[in-house]
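Below is one structure; the comments refer to it alone.
The values are calculated or read from the model by the stated rules, or taken from the named source; none is laboratory data. Because the structure is predicted, anything quoted here is derived from the model rather than measured. Neighbour counts run over all protein chains shown; Cβ positions are idealised from the backbone, glycine included.
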């Protein structure tokens, strides 16, 4: 039996699912009557983890974002993983908004997660490893209590618990 058990706290989005969300959103936009003859586009940059939405006006842009959010929920992509930029004017009288897809836990949030676990007085150790937090303990029950604690708190990002061993 292992003397130490661990799991990792991460925040990531499956880019294939995000691609499916964008495809389904575009399909619905092409079918809707209120988007007929509009210059609405969605561009997903997988490497940069950015989604650019361009539309005729702010009203249509908001409608596209509503469709996008609905498709995200249906495909189990967390809405917390989407960071919306400001709406800006684009060429040809259109408006554009860049949405950044959250990938990894920012260092401030990782410190906050680590502090929250320490304050709970659980018999676990935390290590911040780049964009994830590793939690170690001799007891699986302590690890499960830590997961339950983190699920109750809202850190402003979507958290997943992986590599539980």
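One table, with the values for the structure above:
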| quantity | calculated |
| --- | --- |
| Selection count, region 123-160, where residues are crowded, with 16+ Cβ neighbours inside 10 Å, part of a loop (DSSP other than H, G, I, E, B) and in contact with a strand residue (DSSP E or B) (Cβ under 9 Å, 6 or more places away or on another chain) | 2 |
| Residue check, residue 109 under 17 Å from residue 52 (Cβ atoms), surrounded by 14 or more Cβ atoms within 10 Å (Cβ to Cβ), out of contact with any helix residue (DSSP H, G or I) (no Cβ under 8 Å at 6 or more places or on another chain) and touching a residue at least 12 places away in the same chain (Cβ under 8 Å) | no |
| Residue among 118, 96 that is touching a strand residue (DSSP E or B) at 6+ places or on another chain (Cβ under 9 Å) and modelled with pLDDT of 90 or more | 96 |
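Yes or no, residue by residue, for (1) outside any helix (DSSP H, G or I); (2) touching a helix residue (DSSP H, G or I) at 6+ places or on another chain (Cβ under 8 Å); (3) at pLDDT 90 or above:
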{"position": "2", "(1), (2), (3)": "yes, no, no"}
{"position": "25", "(1), (2), (3)": "no, yes, yes"}
{"position": "37", "(1), (2), (3)": "yes, no, no"}
{"position": "44", "(1), (2), (3)": "yes, yes, yes"}
{"position": "51", "(1), (2), (3)": "yes, yes, yes"}
{"position": "70", "(1), (2), (3)": "no, no, yes"}
{"position": "73", "(1), (2), (3)": "no, yes, yes"}
{"position": "76", "(1), (2), (3)": "yes, yes, yes"}
